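None of the figures in this text is laboratory data; all of them are computed from the coordinates on show. Predicted model, so just to flag it, every value in this text is computed and none were measured. Cβ sites come from the backbone with ideal geometry, for glycine too, and all protein chains shown count toward neighbours.
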Amino acid sequence: MANWNKPATEHFESLRLGEQYDCIHHPSGLDIYLFPKNMTSTYAMFATRYGSVDRDFRLEGESEEATVHVPAGVAHFLEHKMFANEDGVDSFARFSAWGADANAYTAYNRTVYLFGCTEHFDLSLTELLRFVTHPYFTEDSVRKEQGIIAQEIKMYDDDPYERCFSELLRCLYHKHHVRENICGTVDSIAQITPQTLMDCYRVFYNLSNMVLVICGNVSAEEVIAIADRELPVQPPVRILREMPEEPHTVLQARSLVRMPVSKPIFNIGFKDRGHELPAGERQKREAAMSILNEMLFSRSGELYNSLFEEGKISPAFSYGYSMADTFSFNSLAGEADDPEAVLQEILRYLEDKKREGLDREVFARCRRVMCAEYIKDFDSTEEIANDLLGYVFDEGEMFAYGELLQQVTYEDVTQLLHEIFGADSLCMSVVAPSEESDQT
Amino acid sequence: MTVFETRAQFTPSRHTVGQGMVLYARQTDRFKVGLLSMSMAKQTEAARVPPTSLLLSTLKRGTEKYPSLAAINERLDNLYASSLVTRNYRCGDRQILGISTEFLDSRYLNDPEAGDILDGCAEMMSQMLLHPLTEENGLLCARLVDSEKVHLCDSIRSQQNNPRLWAALRFAEVLCANEPCGIPLHGGVDQIMSLTREQLRACHRDWLDSSELIFFYIGPEEPARVAEVLCRRFADFRPITVEQIPPTTVIRRADKVRSVTEEMAVSQGKLHLGFRTDATVHDPTYYAMAMANEVFGASPASKLFMTVREEKSLCYSIGSSYDLYKGIMKVSCGIDPDMKDVACEEIMRQWDRMRRGEITDEELHAAKQSLENNYRTIEDNPHAIEGFYYGRLLEGVDMTVEDCRAGLAAVTREQIVEAASAVTLDTVYFLKGTCPDGGEEADEDGELE
């Protein structure tokens, strides 16, 4: 294109992976991340830094009285309602007409609208940018949605694995809204009106608070031309989010819920303060935590194999470190006849490791494993777009993370071992069989 | 900015590895992670199901060279986080037993001492299938068998933990009660517990002596080299005969509607409807039926989503699926337990519209686009490539992804109506939630007893 004015762009490249991407600072105020990939499908995500934990907020420059307070579940409700349009045509129907597979989700700290397609990318991207920037809510459609989301809430309530995890967060946190379900409750969503949705939309759906991530076989020219056409230039805003003051201790060390399960399900959490670190440090902590978790809890490790060989836990056992800008925790999940005994064994093992020190060979192996796992994530446009969005929202950088993994030292993980697993940061949530259920 | 060329077709090529062993391979540098899998198939038979499940669980616990789970996992770690999963699933009336591995392309490892990862993964697969950990008498290690009995039974019992999955399982059993595919995947807890090691040995021999071993490889290596590696690593695989598997049974019409309601102490009800379609992948009406399912309930633009969910607010999740081997269409949704009849009526009303040809140009176009998108996306995923070709291979259907796309694109509204008119409702299954307000709340002190 001869007269093409390319907006300010940052280029990122990894020679080792043979991959690259650009961050285009679009004049509208939106940052567009474009990751070219030799695949048939293209994946696009339009996301706002607005999730279920954002409950009390205002724009900078507004008076304190203007602070908006909303009930639990509004971000998710808003996500559902964005697909409705003034002309009566649901955006899902438009995406379908072009063969695109559209969806959306709400997390603790983000709302994401997305599609995957193999053809007519230009039409689908146009629709994505258009419907997310054109809210349309009516009393009637809000009422209808309350019925649909009530069924969604019940579906999750009936799932013991979901329930066990949400109980863990409820007990780890005293006040932080991460302790409440992303969908809210049947009662909290009953309070939502079109005005509630508009109050949230106005603050959080400013382009300076959003990003567009695209991975696939598309050119920057094509994307920018569509963004030029569809996106209004918006003055950037600064959002003031009020977060309840959260103690470092846990609210409750144990939780027990009874449901019709065949065997107790457990989630163990260690509340962390990693999110308080500066952005660069946070990414390094995540890299080091992933290696430490692998060393302590993986299927090739001594703890898992001793618990498993002695029949104390079921084969499925998972672990992971979660970090967002306002909370962080490490968690383990599994099934066991006696979760308390398993927990005590895990704690004993952690104490032993703190005393004896970690094994250097295991460290080298686990670091190699995590580096390999990182490379494996670059095979799908969906996965790449999701990961890239995660790095952007966590103020990290995708390729830098691969380097950070390689730079993590034995001393780094040893220090974390002593920091993370404190007795007062621990909670275990258990979903146990209902007393009347048949255990034969 | 690089703009890439469109891709050529992804059909794997066929290579003979040895007696009873065939490799389907596609050489490509598109992926950083390669796929190597092996599968064997037999007709699903009630007596073979429980020992096969326990056998497979035990095989992955230890081998002659890697005698413990820790040793196996450490070896996989050293193969740069290669993954290995055992598979036990159904395709039509067939039971498939298999192992699949995924491993990094060594070009990305930056490690001259990385070794031959493909060979390492092939060795691990052959160790599990052909050289499991046995005791002096040649029987599988008793400790591992006993331990896996417990895990397998736990896993059978825990199917009830997830009401959505449980309802889908029970529904499939009820719908296909008199067909091989209706036999529960692992058999029953009592059957598993009473199995002897001699029975496991016989089951192992049965699979190895009379099955063809099908490998799939999708990755950067030359197929000839992959075949050479497999030939060497599976040299001990010597089937006596390759058993012919009878064709999948197809019930083309339901004579009457079966209605089954079961209860569970949860808040939501799960409604499932099963239809006999009179169209399988072997029939000329296959493409029209796949299209009918798409218009009816397979996407967020479908009739079911737009009416039952969006218009009537009866549910959050709703969808339909079509089993091209059994010729069965299934509808499922999660609803308020009191709304079963209302939801059922609405679903059937939408189906009546399909039969009457009330399909708009937009719906027809959207369904075609959606299926075109689904089939083109197969090229992006090695597992999807394998799944597409392996299923058709078992059924003796010679069809490429491109054939499939062309067939779907040519379907007319009239053909959809014709296919829909042959569909009959067979089973209505309802898992009724009996606790409208959900499970018990957490204890205040949260103490465990």
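Sticking with the crude label model, points 7 Å out along Cα→Cβ, report the distance from B:Met193 to A:Glu139 in nm, one decimal please.
About 6.1 nm, to one decimal.
Packing-wise, with mean Cβ within 10 Å as the measure, how do B:330-341, A:107-118 rank, highest first?
On the way: B:330-341: 20.0, A:107-118: 22.2.
So the peptides B:330-341, A:107-118, ranked by packing, come out A:107-118, B:330-341.
Which pairs, out of B:Lys42/B:Lys149; B:Lys270/B:Lys303; B:Lys340/B:Lys368; A:Lys312/B:Lys32, put more than 29 Å between their alpha-carbon atoms? The partial results should precede the final answer.
Numbers: B:Lys42/B:Lys149 23 Å; B:Lys270/B:Lys303 19 Å; B:Lys340/B:Lys368 31 Å; A:Lys312/B:Lys32 37 Å.
Among B:Lys42/B:Lys149; B:Lys270/B:Lys303; B:Lys340/B:Lys368; A:Lys312/B:Lys32, the Cα-Cα distance tops 29 Å for B:Lys340/B:Lys368; A:Lys312/B:Lys32.
Which of B:Glu212, A:Glu335 has the fewest other C-beta atoms within 10 Å, and how do the rest follow up to the most? Please list the in-between numbers first.
Details: B:Glu212 15, A:Glu335 25.
Lowest to highest Cβ neighbour count: B:Glu212, A:Glu335.
Against the empirical 2.2 N^0.38 Å scaling, what ratio does the C-alpha Rg of chain B come to?
Working: Rg = 24.0 Å, N = 449, 2.2 N^0.38 = 22.4 Å.
Cα Rg divided by the expected 2.2 N^0.38 Å: 1.07.
For segment B:258-433, what size does the Cα cloud have along each of its three principal axes, sorted from largest down, in whole Å?
That gives 46, 33, 29 Å along the principal axes, largest extent first.
Taking K and R as +1 and D and E as -1, what net charge do the other residues with C-beta under 9 Å from the C-beta of B:Tyr316 add up to? Mind showing how you got there, number by number?
Working: positive: A:Lys154, B:Arg309; negative: A:Glu152.
Net of charged neighbours comes to +1.
As an exercise, identify the GluC sites (Glu not before Pro) in segment A:232-285 lying in DSSP coil whose Cβ has no more than 10 other Cβ atoms within 10 Å.
A:Glu245
Just how large is the dipole of the protein assembly as shown about the Cα centre, in debye to the nearest 20, putting +1 at every Lys and Arg Cβ and -1 at every Asp and Glu Cβ?
2020
Using helices alone, I'd like the mean residue ellipticity at 222 nm for chain B: each DSSP H run of four-plus residues gives -39500 (n - 2.57), total over residue count, nearest 500.
Result for chain B, helices only: -11500 deg cm²/dmol.
Just counting partner chain Cβ atoms within 10 Å, what average do the residues of peptide A:426-435 show around their Cβ? Intermediate values should be presented prior to the final figure.
Numbers: counts 0, 1, 2, 2, 3, 3, 2, 2, 4, 2.
What the average comes to for A:426-435 is 2.
Order of B:Thr101, A:Thr48 from fewest to most other C-beta atoms within 10 Å? Spell out each step's value before the answer.
Numbers: B:Thr101 22, A:Thr48 26.
Lowest to highest Cβ neighbour count: B:Thr101, A:Thr48.
Counting other C-beta atoms within 10 Å, which of A:Asp387, B:Asp236, A:Asp157 has the fewest, and how do the rest follow?
On the way: A:Asp387 19, B:Asp236 10, A:Asp157 23.
Fewest-to-most Cβ neighbours within 10 Å comes out as B:Asp236, A:Asp387, A:Asp157.
For chain A, what is the calculated [θ] at 222 nm in deg cm²/dmol (nearest 500), taking -39500 (n - 2.57) for each run of four or more DSSP H residues and dividing by its residue count?
Values: 15 runs with 182 residues, N = 440.
For chain A, the value works out to -13000 deg cm²/dmol.
Using 7 Å Cα-to-Cβ label points, what is the A:Val186/A:Glu60 separation (nm, one decimal)?
My value for the distance between the label points is 4.3 nm.
When you look at the Cβ of every residue in A:369-378, what mean number of other chain Cβ atoms sits within 10 Å? List each step's numbers first, then the result.
Details: counts 7, 1, 7, 12, 4, 1, 9, 11, 2, 4.
Per-residue shielding by partner chains comes out at 6.
What residues have an amide H closer than 5 Å to that of B:Asp93, excluding those fewer than 5 places away on the same chain, when H is modeled at 1.01 Å from N in the peptide plane?
So B:Asp93 has HN proximity to B:Thr248, B:Thr249.
How big is the shadow of the Cα convex hull of the protein assembly as shown, averaged over all directions, in nm²? The partial results should precede the final answer.
Numbers: hull surface 144.7 nm².
Its Cα hull, projected and averaged over all orientations, spans 36.2 nm².
Kindly give Rg over Rh for segment A:291-389, based on alpha-carbon atoms, with the Kirkwood expression for the hydrodynamic radius.
Details: Rg = 15.6 Å, Rh = 15.4 Å.
Rg divided by Rh gives 1.01.
Given axes a ≥ b ≥ c from the Cα gyration tensor, I'd like to know whether segment B:301-362 is rounded (a/c under 1.5), prolate (a/b larger than b/c) or oblate. It would help to have the intermediate numbers written out before the result.
Details: a/c = 1.75, a/b = 1.22, b/c = 1.43.
Cα axes put segment B:301-362 in the oblate bin.
Under a 5 Å amide H to amide H cut-off, with H placed in plane at 1.01 Å, what residues pair with A:Asn217 once short-range neighbours are removed?
A:Lys37, A:Met39
Within a 10 angstrom radius of each residue's Cβ in B:297-306, how many Cβ atoms of other chains show up on average? Whole number is fine. If you can, show how the numbers build up before the last one.
Details: counts 0, 0, 7, 10, 9, 3, 0, 0, 4, 3.
So the per-residue partner count for this stretch is 4.
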